[in-house]
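Heads up: the structure comes next, in structure tokens.
Rule-based calculations on the coordinates, nothing more; no lab input. This is a predicted model, so every value here is computed, not measured. Methodologically, a virtual Cβ is constructed for each residue, glycine included, from the backbone with ideal geometry; neighbour enumeration extends over all protein chains shown.
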Amino acid sequence: MRYLFITAFLIGFIACNTEQAPTPPKQYSIDAFYQNTRIGGGAFSDDESKILVSSDTSGIFNVYEIDIATAEMTARTNSEDESYFAVDYVPGTNDIIYSADKGGDEINHLYLHTEAGETTDLTPAENEKANFGGWSTDNTHMYYASNKRDPRFFDLYKMKIGEWEPTMIYENTDGLNLSDMSDDERYFALEQSITTSENKLFIHDSETGERVEISSDDAPGSYSSSSFSKDGSKYYYITDIGEEFAYLVEYDMATQERNTILKTDWDVMYSYLSENEKYRVSGINEDGKNNLIITNIATGEKVDFPEIEDGDISAVRISDSETKMRLTIATSKGPSNIYVYDMETKDLKKLTNTLNPDINPDDLVSAEVVRYPSFDGLEIPAIYYKPITASPDNKVPALVWVHGGPGGQSRTGYFSLIQYLVNHGYAVLAVNNRGSSGYGKSFYKMDDLNHGDKDLKDCIWGKKWLQEQDYIDSDRIGIIGGSYGGYMVMAALAFAPEEFNVGVNIFGVTNWLRTLKSIPPYWESFRKALYAELGDPTTQDSVRLYEISPLFHASNVTKPLMVLQGANDPRVLQVESDEIVEAVKGNGVPVEYVVFEDEGHGFVKKENEIQGYGQILTFLDKYLKNTVAD
């Protein structure tokens, strides 16, 4: 009896103190993950019964409208070659405006597409890049910015609806960026880039020719335009002067008095007034996730609306009647969906279901915000994805993910490629190394003229943090990233060749001297700011730029490398990837290279994503996990 009692006690104790192994998730193919639908836009029709969106449900982006009452989605365009992105309905009609480039070359034009199905290129000049700027208050004209006069600078034009002939209303001869205009076309907000963290802000009076500086030489920092009030008496801008984080300021046009109207412990990303100024909509970048604040101007009260669990509100638009609000919301387990909130009935309606119905969201993982100390003790924020079955008894390989930029930010929203890799057993730590946005201006400036050094060490210390987790296989950790993140991949393999086991470079810079000399002409207003952060390739800075360019140190690369590139990329030219691939192959190192002839700086066609991202897993399974993917 004593033996039986002890045995029963031990069995019960073990049962109560042994953590049950999690149920392995179903593993999904790359095809399944890219049968998800991406969706964006969301302009209301005149009668507010429909919204206009872009969706890649056909394989590439086309324009659709969604009936709010029924959630039925109807195609307005049927492109099979180029992606079309919704802009807006033409006021008073059911005609639409959409934007498109050719093969990702970023020379986007504006197109009129009538209800009858006829299409007209409204900005047809060769190499003309055009950006939609809204409608006049009487809904008779369309505004847009174009660089057709001078490829370096954007002038402001308007076209009368129905005639569609351009009239220039602001000529940009001094290279300042036009960022806002008052409703009566009198005042223009102009921004002058100094560095990537400092700029000047001016108000130009088109009647008097007077230009007033909003910024101050005594207090340099970041300024960005928010909006003018409808009567032109107030101007709103966002700045970080005197603070770590950006806040919203109201400027009185007559008295030049300033009043801070919104300040938090995080950056105010944007703020604008609804059509009749009933509401102010403000987005806060709160620890890698958007927090939305909507205020009733008359009462000062915040507008409450239902919260989506794990939801990240990436975009919002209030209808002209101010009775409806379109929300674009993603979670870390699912792509963005379109919702419409009725401000009067308080009803929140979901109009889309973008996650492939064959994927059970319980098989995916939620993003977690973590922090770790870097080599000098600086706290580095990161977004972490832990595989469901990772445990000390089932150690998993891991990847350090580096965002684009410089100055970008990894956030908690959904990304199919990351979830695909995690679903197949890879932990992913998306680091926000020093120089990332969203964590204060001091943190943002920490990598200026220091790329490939301390920012790289932040990534290496991210690897060390992963190694400290008892469920990570410390001998199987790779690095992956795109654009600036791709540069960090190559910097890691060239300058710290023993740290990571593999690298995946997605259209990353490898030769800063070439990249900084070959930036697109329409980046001219930003050139000096870019040089101030990275270095001027025409000066003595060229020595340092040479030293931090992985191409010139490719002989150090000893670990397997994969490179993905778009042939039409205007930012990181294909030759960058061609040369690094050839150089690393010369070391006898395994290299896989994927080039898409119809993509630019970022892949938008599903067939290309399926091919390229599917090959990433095959590469990782072979060279990091040491097994060949099915």
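For residue 88, list long-range residues whose amide hydrogen, built 1.01 Å from N in the peptide plane, is under 5 Å from its own amide hydrogen.
97
Consider the candidate values (i) 31; (ii) 24; (iii) 36; state which one is percent of Cα pairs over 40 Å apart computed from the structure displayed.
(i)
List 210, 592, 368 from most exposed to least, where exposure is judged by having the fewest other Cβ atoms within 10 Å.
210, 368, 592
What pairs from 278/346; 158/350; 445/585; 278/350; 302/445 go past 26 Å between their alpha carbons?
Listed pairs above 26 Å: 158/350; 445/585; 302/445.
Subtract the Cα-Cα distance of residue 626 and residue 453 from 0.36 nm times their separation in residues, and report this length gain in nm to one decimal.
Result: 59.3 nm gained on full extension.
State the extension gain, in nm to one decimal, for the chain segment bounded by residue 363 and residue 467, taking 0.36 nm per residue of separation less the distance between their alpha-carbons.
Full extension from residue 363 to residue 467 adds 35.0 nm.
Can you list residues whose amide H is under 5 Å from residue 267's amide H, if they're 5+ apart or on another chain and H is modeled 1.01 Å from N?
The answer is 246, 285.
Out of the DSSP beta bridges found with both residues in the stretch 14-159, what percent are antiparallel (nearest 5)?
Here the antiparallel bridges make up roughly 100 percent for the stretch 14-159.
Go through 357, 428, 146 and say which Cα lies farthest out towards the positive end of the charge dipole of the chain; charges sit on Cβ, +1 for Lys and Arg, -1 for Asp and Glu.
428
How high is the FRET efficiency between residue 163 and residue 567 when r is their beta carbon distance and R₀ equals 45 Å, given to the nearest 0.05?
After rounding to 0.05, the efficiency reads 0.75.
Scan around residue 234 for amide H atoms under 5 Å from its own, H built in the peptide plane at 1.01 Å from N, and keep only partners 5 or more places away or cross-chain.
Hits under the 5 Å cutoff: 229, 253.
Go ahead and estimate [θ] at 222 nm for the chain from helices alone: -39,500 (n - 2.57) per DSSP H run with n ≥ 4, summed, over the residue count, rounded to 500.
It comes out at -5500 deg cm²/dmol, rounded to the nearest 500.
Please list 3J(HN,Hα) in residue order for the stretch 95-106, calculated via the Karplus relation 6.51 cos²θ - 1.76 cosθ + 1.60 where θ = phi - 60°; whole Hz, with x for glycine and proline.
Once θ is set to phi - 60°, the couplings for the stretch 95-106 become 6, 10, 10, 9, 10, 7, 10, 10, x, x, 7, 6 Hz.
What fraction of the DSSP beta bridges in the chain is antiparallel, stated in percent and rounded to the nearest 5?
Roughly 80 percent of the beta bridges in the chain run antiparallel, per DSSP.
As an exercise, use a Förster radius of 25 Å and the Cβ-Cβ distance of residue 524 and residue 125 to find the FRET efficiency, rounded to the nearest 0.05.
Calculated value: 0.90.
Fewest Cβ neighbours within 10 Å first, please rank 164, 401, 266 accordingly.
With the fewest neighbours first, 164, 401, 266 line up as 164, 266, 401.
Using the 10 angstrom Cβ neighbour count as an exposure proxy, how do 490, 343 rank, fewest first?
343, 490
Where in the stretch 292-389 are there chymotrypsin sites (Phe, Trp or Tyr not before Pro) that are in a DSSP coil and have at most 16 other Cβ atoms within 10 angstrom of their Cβ?
Taking the stretch 292-389 and a limit of 16 other Cβ atoms within 10 Å, the loop chymotrypsin sites (Phe, Trp or Tyr not before Pro) found are 375.
Could you run the Karplus curve 6.51 cos²θ - 1.76 cosθ + 1.60 with θ = phi - 60° over the stretch 568-573 and give me ³J(HN,Hα) per residue in whole Hz, x for Gly and Pro?
9, 5, x, 9, 10, 5
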